[in-house]
Amino acid sequence: MFSRLSNYINNDKFSLTITDNILHIINYKRILSLDEEYISVITDNKKINIKGDKLIPQKLLDNEILIIGKIKNIEVVNV
């Protein structure tokens, strides 16, 4: 049990989850752009571009962001 808890707490893998009009990104490295129609973040080796309407950050931490709004397109680019 402690092993699973430790793995959860120390997890540093990038994760992107989409449910309805909610986008949850964990373990990004840097935010490149953040506005109501376009958000761009960078991971270790990828750039994630999100396009939509009324994209609003609901939670913003050092390595985690939760965004609500109408997501129209997500582009993943190798860097």
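No lab work stands behind these numbers, since they all come straight from the coordinates. As the structure is a prediction and not an experimental result, all values here were calculated from the model. Using ideal geometry, Cβ is built from the backbone for each residue, glycine included, and neighbour counts are taken over all protein chains shown.
Scanning the stretch 7-19 for residues that are of a type in the set (A, V, I, L, M) and either over 15 Å from VAL77 (Cα atoms) or loosely packed, with under 11 Cβ neighbours inside 10 Å (or both) yields ILE9, ILE18. Of all residues in the stretch 60-79, those satisfying the criterion of being in a strand (DSSP E or B) and either in contact with a helix residue (DSSP H, G or I) (Cβ under 7 Å, 6 or more places away or on another chain) or aliphatic (A, V, I, L, M) (or both) are LEU60, ILE65, LEU66, ILE67, ILE68, ILE71, ILE74, VAL76, VAL77. Which number in (1) in contact (Cβ under 8 Å) with a residue 40 or more places away in the chain; (2) touching a Ser or Thr at 6+ places or on another chain (Cβ under 6 Å) marks the one condition that SER33 misses? Among (1) in contact (Cβ under 8 Å) with a residue 40 or more places away in the chain; (2) touching a Ser or Thr at 6+ places or on another chain (Cβ under 6 Å), SER33 violates only (1).
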